[in-house]
Amino acid sequence: MYEVRIIGTGSFLPQQIIKNDSLSDLVDTNDEWISTRTGIKERRISSGENTSDLAIEAAKEAIKDAGINAEEIDLIVLATSTPDFIMPSTACLVQKGIKAYNATCFDITAACTGFIYALNIGYQFIRTGQSKTALIIGADTNSKIIDWSDRNTCVLFGDGAGAAILQRTDKEGIILVDTGSDGRGDELLFCPGVHLKNPFMEEQEEKKQVMHMNGKEVFRFSTTVVPQTIEKLLQYSSYHIEDIKYFLLHQANARIMEAVAKKMNIDPEKFYKNIHKYGNTSAATIPIALNEMDKAGLLEKDDLLVLVGFGGGLTWGSALVKWNK
Ligand code: UT7
């Protein structure tokens, strides 16, 4: 088995900033409620960019950061719940956009856990020798599936993309990944797909193609599953909670991070937060934050990080990473 490390990161966000106050024009809400209940102050919303446009820019930055040529990439895995098309995959659109013509490309859907699942796929492809250099992307244009008349969801989400380049190495990088799913929670967070209809069946009621969420239940699930996956991850490694420099959780709600810190008795300062600027960008929150942390000089060689995703499916996953860029 080969070792796998992250050699570059990138991110891209739409320019348009929508502050909490602007949402009061659409629904009965206010800055005070949104800030105190979620930690969100503003989010970026597409003014025409689709998921592939965001992903291509994030990928270009990651490629530059890694110092590689796009032709070296042999695998592109893109996690999204908001693809440009049902087919072709958004990963294929990225391939064309960055001219990575030697890559095998596909999308995966694991909602807000998508980046961790994609990272795991890239990790396994490289570990087993099938791939040498993989581009992993989390990208979502949530604004196109948000019900802008539903205050329970429309204040939470934003658009964005983040990317990482993984490469075969002989040094320790990605140490362990833990993932899980529970399809019994399918109705807690969902967005209907294309309406089922054909000339040989009875007409069915058409569901609005927007996101629906039972916030309270998803909150409960998140604060339960995140400590469990972190504990499982560390149990199978030779490291302890105290060895971890940063916990990078999916940015869904600042209160989830605070609750996990309290439950696990971890210094809340170790939980990186940028939710105030971007809201919940689904599959993109983790790679956007990773890129931001690296650019801000927070990550030093051999630092240990725990990345954790959770969300619709239900799905969850975590990765123990030694920073070795
Ligand atoms: O990325 C995928 C994972 N997603 C998550 O992890 C999200 C998890 N859930 C959450 O983050 C929280 O449950 C929410 C932020 C969605 C909601 O926070 P909450 O503290 O659980 O609020 P709530 O749903 O219990 O609502 C409390 C009150 C309700 O009013 P009443 O019934 O008490 O009169 C809501 O109608 O707040 C009301 N409310 C709002 N008020 C102003 C709900 N949304 C809003 C709003 N502005 N935007």
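The values are calculated or read from the model by the stated rules, or taken from the named source; none is laboratory data. These figures come from a predicted structure and were not determined experimentally. When we count neighbours, we look across all protein chains shown, and the Cβ atoms used for this are built from the backbone with ideal geometry, even at glycine.
Whether any residue in the range 181-200 is buried (at least 20 other Cβ atoms within 10 Å of the Cβ), within 15 Å of the ligand (Cβ to nearest atom) and in a strand (DSSP E or B) is what I want to check. Yes: one or more hits.
Looking only at the range 121-154, filter to residues that are crowded, with 24+ Cβ neighbours inside 10 Å and within 16 Å of the ligand (Cβ to nearest atom); which one of those is nearest to Cys191 (Cα to Cα)? Result: Asn142.
For the range 168-178, taking the residues that are out of contact with any Lys or Arg (no Cβ under 6 Å at 6 or more places or on another chain) and closer than 21 Å to Ala284 by Cα, the one that is surrounded by the fewest Cβ atoms within 10 Å (Cβ to Cβ) is identified as Leu176. Of all the residues in the range 24-57, those that are among the small types (Gly, Ala, Ser) and either assigned to a helix (DSSP H, G or I) or near the ligand (Cβ under 10 Å from one of its atoms) (or both) number 5.
Considering Ala59, Ala66, Ala79, the condition of being crowded, with 22+ Cβ neighbours inside 10 Å and either touching a Leu at 6+ places or on another chain (Cβ under 7 Å) or farther than 18 Å from Thr133 by Cα (or both) is satisfied by Ala59 alone.
Anything in the range 1-34 that is touching a residue at least 24 places away in the same chain (Cβ under 8 Å) and closer than 19 Å to Ser282 by Cα? List them, or say none. Across the range 1-34, the qualifying residues are Thr9, Gly10, Ser11, Phe12, Leu13, Pro14, Gln15, Gln16, Ile17, Ile18, Asn20, Ile34.
Closer than 16 Å to Ile288 by Cα, more than 16 Å from the ligand (Cβ to nearest atom) and outside any loop (DSSP other than H, G, I, E, B): does that describe Lys96? So Lys96 fails the test. Residues of the range 8-23 that are closer than 30 Å to Ile174 by Cβ, part of a strand (DSSP E or B) and not polar (S, T, N, Q): Gly8, Gly10, Phe12. Being out of contact with any Ser or Thr (no Cβ under 6 Å at 6 or more places or on another chain) and under 17 Å from Ala161 (Cα atoms) is a description that does not apply to Leu299. Looking for something within 30 Å of Met257 (Cβ to Cβ) and touching a Pro at 6+ places or on another chain (Cβ under 6 Å) - is there at least one such residue anywhere in the range 4-23? For the range 4-23, residues within 30 Å of Met257 (Cβ to Cβ) and touching a Pro at 6+ places or on another chain (Cβ under 6 Å): absent.
Against the conditions (1) within 30 Å of Arg151 (Cβ to Cβ); (2) free of Cβ contacts under 8 Å to residues at least 60 places away in the same chain, Ile241 satisfies every one except (1). Mind checking which residues of the range 280-325 are in a helix (DSSP H, G or I), hydrophobic (A, V, I, L, M, F, W, C) and within 16 Å of the ligand (Cβ to nearest atom)? Hits for the range 280-325 are Ala283, Ala284, Ile286, Ile288, Ala289.
Every residue, every condition in (1) in a helix (DSSP H, G or I); (2) among the small types (Gly, Ala, Ser); (3) modelled with pLDDT under 95, yes or no:
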{"residue": "Glu203", "(1), (2), (3)": "no, no, yes"}
{"residue": "Val210", "(1), (2), (3)": "no, no, no"}
{"residue": "Tyr239", "(1), (2), (3)": "no, no, no"}
{"residue": "Ala252", "(1), (2), (3)": "no, yes, no"}
{"residue": "Arg255", "(1), (2), (3)": "yes, no, no"}
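Got at least one residue in the range 214-234 being away from the ligand (no atom under 14 Å from the Cβ), on the phi < 0 side of the Ramachandran plot and exposed (fewer than 11 other Cβ atoms within 10 Å of the Cβ)? Within the range 214-234, none of the residues are away from the ligand (no atom under 14 Å from the Cβ), on the phi < 0 side of the Ramachandran plot and exposed (fewer than 11 other Cβ atoms within 10 Å of the Cβ).
Residues checked against (1) under 18 Å from the mean Cα position of the chain (by Cα); (2) not polar (S, T, N, Q):
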position: Lys208; (1), (2): no, yes
position: Met213; (1), (2): yes, yes
position: Glu217; (1), (2): no, yes
position: Phe221; (1), (2): yes, yes
position: Thr224; (1), (2): no, no
position: Ile230; (1), (2): yes, yes
position: Leu233; (1), (2): no, yes
position: Ser237; (1), (2): no, no
position: Tyr246; (1), (2): yes, yes
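Based on this model, can you work out whether Gly8 counts as within 16 Å of Asn291 (Cα to Cα), of a type outside the set (A, V, I, L, M, F, W, C), touching a helix residue (DSSP H, G or I) at 6+ places or on another chain (Cβ under 6 Å) and away from the ligand (no atom under 16 Å from the Cβ)? Answer is yes for this residue.
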